[in-house]
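**Q** The structure's right below; bear with me while I get my questions together.
The values are calculated or read from the model by the stated rules, or taken from the named source; none is laboratory data. Just so you know, these numbers come straight off a predicted model, no measurement behind them. Glycine gets a Cβ as well: all are built from the backbone with ideal geometry, and neighbour counts include every protein chain shown. The accessibility values were calculated without ligands, DNA or RNA, using every heavy atom of the protein model including side chains. Shrake-Rupley method; radii C 1.70, N 1.55, O 1.52, S 1.80 Å.
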Amino acid sequence: MADQAEALRRMMDTNRSQRTAERIVAIASGKGGVGKSNVAVNLAVALQRLGRSAIVIDLDIGFTNVELLLGARSRRRLTDVLHGTDIWDVINHSASGVSFITSGTQFADFGQFTPEQLITLVNQLKRLHEQYDFILLDGSAGMTANSQRLISAADDMLLIVTPEPTSIADAYSFVKFLYREHSLPTTHIVTNRAQSFVDAKNAAAKIQSVCTHFLNVSLSILGYVLDDVHVPDAVRKQTAVMTLYPNTLASKCIMQVAKNYLNAGESREEVQLKRGFAAWLDNMFRK
Ligand SMILES: Nc1ncnc2c1ncn2[C@@H]1O[C@H](COP(=O)(O)OP(=O)(O)OP(=O)(O)O)[C@@H](O)[C@H]1O
Ligand SMILES: [Mg+2]
């Protein structure tokens with residue numbers, strides 16, 4: 001197992017893409033239903049508008065929310081790569097222009113994968129950087145150990161919270177768990193569904209402060225997405241809100257989050273910018 005991981009790492013060091021901005025970005029939360037999938041899909045649209053390529057990977061095995069949000073049907077799913085399907089054959093393209101890989105409807109959960117299968121999966125996923133700058137992992141609410149490993153080994157994590165106390169408390173518990181049991185990626189808070197920017201800012205500041213105080217971990221605040229009726233409307237129409245209503249409040253907020261994320265990237269060290277999949281594998285097997 002350790003030998004396999006080492007072999008893969010070596011292989012990736014030699015085949016590594018020269019793209020400087022390649023990042024694996026986990027979209028995660030403590031509490032479910034706070035807007036992860038909507039942020040993931042719309043962030044992909046926003047990044048594309050800003051001239052960067054992105055693909056969304058639905059890690060919520062059994063639920064296929066990403067394909068529903070994009071109004072696209074897919075025959076192949078992420079877990080098919082474990083049975084020999086090439087990664088390029090499980091990619092779907094939606095009318096919004098967002099590429100994605102669906103989780104599939106079967107509960108062949110990551111929890112049931114062997115470590116060797118997980119390596120196969122990651123080894124296939126890493127090839128996506130040949131074509132995409134950003135790989136957005138849309139996490140699930142109740143994560144299994146293997147999903148947690150994938151999330152914790154990402155380059156960055158966007159921690160989605162809403163201003164509700166339950167969401168804030170669960171976000172803290174989630175960060176604490178990842179930090180203690182796996183490892184915490186560079187974490188950026190995004191407050192979603194806030195009624196005002198003041199509410200959004202206060203919620204983000206609360207998480208930031210408890211993480212600093214109790215864990216000595218510093219999280220950055222990436223941005224805020226206001227509550228906007230156009231989001232559920234776009235969900236019902238199975239189109240990304242950024243595509244359907246590009247000038248609505250939520251779309252403008254998400255565009256700002258995307259710009260903030262890219263700007264944060266520019267200030268990162270060159271060595272961090274080039275992490276990509278080689279570092280991902282490395283992180284995943286560190287524990
Ligand atoms: N900014 C927003 N304004 C209004 N409604 C929103 C906003 N963001 C998300 N929603 C609504 O919140 C609900 C949950 O969103 P979403 O499915 O993206 O959450 P999730 O975190 O991915 O959920 P799960 O944990 O089940 O995967 C959806 O009905 C969506 O329409
Ligand atoms: Mg979701």
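**Q** Failed condition for Gly51, given (1) open to solvent by 10 Å² or more (accessible area, probe 1.4 Å); (2) within 16 Å of ligand 2 (Cβ to nearest atom), with all others met?
**A** The number of the failed condition is (2).
**Q** If the requirement is being of a type in the set (S, T, N, Q), touching a Lys or Arg at 6+ places or on another chain (Cβ under 9 Å) and open to solvent by 60 Å² or more (accessible area, probe 1.4 Å), which of these qualifies: Thr162, Thr166, Thr212? I'd like the intermediate steps shown before the answer.
**A** On the way: Thr162 fails: open to solvent by 60 Å² or more (accessible area, probe 1.4 Å); Thr212 fails: touching a Lys or Arg at 6+ places or on another chain (Cβ under 9 Å).
Just one listed residue meets the conditions, Thr166.
**Q** Give the stretch 65-96 a look and list any residue that's aliphatic (A, V, I, L, M), over 18 Å from the mean Cα position of the chain (by Cα) and under 15 Å from Val45 (Cβ atoms), or say none.
**A** Ala72, Ala95
**Q** A further question follows. How many residues are among the hydroxyl-bearing types (Ser, Thr, Tyr) and surrounded by fewer than 24 Cβ atoms within 10 Å (Cβ to Cβ) when one looks only at the stretch 19-36?
**A** 1
**Q** Can I ask one more? Go through (1) among the hydroxyl-bearing types (Ser, Thr, Tyr); (2) surrounded by 20 or more Cβ atoms within 10 Å (Cβ to Cβ); (3) in contact with a strand residue (DSSP E or B) (Cβ under 8 Å, 6 or more places away or on another chain) and name the single condition Ser140 misses.
**A** (3)
**Q** State all residues of the stretch 65-80 that are over 15 Å from Ser96 (Cα atoms) and out of contact with any strand residue (DSSP E or B) (no Cβ under 7 Å at 6 or more places or on another chain); if no residue qualifies, say none.
**A** The answer is Arg75, Arg76, Arg77, Thr79, Asp80.
**Q** Would you mention how many residues in the stretch 62-73 are touching a Phe, Trp or Tyr at 6+ places or on another chain (Cβ under 6 Å) and not in a helix (DSSP H, G or I)?
**A** 1
Here is a yes/no grid of residues against (1) touching a residue at least 12 places away in the same chain (Cβ under 8 Å); (2) small (Gly, Ala, Ser); (3) under 20 Å from Thr114 (Cα atoms):
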residue: Asn42; (1), (2), (3): yes, no, no
residue: Val45; (1), (2), (3): yes, no, no
residue: Gln48; (1), (2), (3): yes, no, no
residue: Val56; (1), (2), (3): yes, no, no
residue: Leu78; (1), (2), (3): yes, no, yes
residue: Thr85; (1), (2), (3): no, no, yes
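**Q** Assess whether Lys126 counts as being open to solvent by less than 50 Å² (accessible area, probe 1.4 Å), among the basic types (Lys, Arg) and within 16 Å of ligand 2 (Cβ to nearest atom).
**A** Judged against the criteria, Lys126 is not a match.
**Q** While we're on this one: Is at least one residue of the stretch 122-136 at pLDDT below 85 and not hydrophobic (A, V, I, L, M, F, W, C)?
**A** Within the stretch 122-136, one or more residues are at pLDDT below 85 and not hydrophobic (A, V, I, L, M, F, W, C).
**Q** Among the listed residues Thr186, Thr191, identify the single one that is of a type in the set (Val, Ile, Thr) and buried (at least 20 other Cβ atoms within 10 Å of the Cβ). Walk me through how you get there before you give the answer.
**A** Working: Thr186 fails: buried (at least 20 other Cβ atoms within 10 Å of the Cβ).
Criteria check complete, one pass: Thr191.
**Q** Does at least one position in the stretch 224-241 carry a residue that is surrounded by fewer than 19 Cβ atoms within 10 Å (Cβ to Cβ) and away from ligand 1 (no atom under 13 Å from the Cβ)?
**A** No: the stretch 224-241 contains no residue that is surrounded by fewer than 19 Cβ atoms within 10 Å (Cβ to Cβ) and away from ligand 1 (no atom under 13 Å from the Cβ).
**Q** Please count how many residues of the stretch 35-53 are small (Gly, Ala, Ser) and under 11 Å from the mean Cα position of the chain (by Cα).
**A** Residues flagged as small (Gly, Ala, Ser) and under 11 Å from the mean Cα position of the chain (by Cα) within the stretch 35-53 amount to 3.
**Q** So Val81 passes all but one of these: (1) at pLDDT 60 or above; (2) out of contact with any Leu (no Cβ under 9 Å at 6 or more places or on another chain); (3) away from ligand 1 (no atom under 16 Å from the Cβ); (4) part of a helix (DSSP H, G or I). Which condition number does it fail?
**A** Every condition holds for Val81 apart from (2).
**Q** While we're here: If you go through the stretch 177-223 one residue at a time, how many are charged (D, E, K, R) and modelled with pLDDT under 95? Please lay out each step first, then the result.
**A** Of all residues in the stretch 177-223, those charged (D, E, K, R) come to 180-181, 193, 199, 201, 206.
Remaining after also requiring modelled with pLDDT under 95: 180-181.
So the answer is 2.
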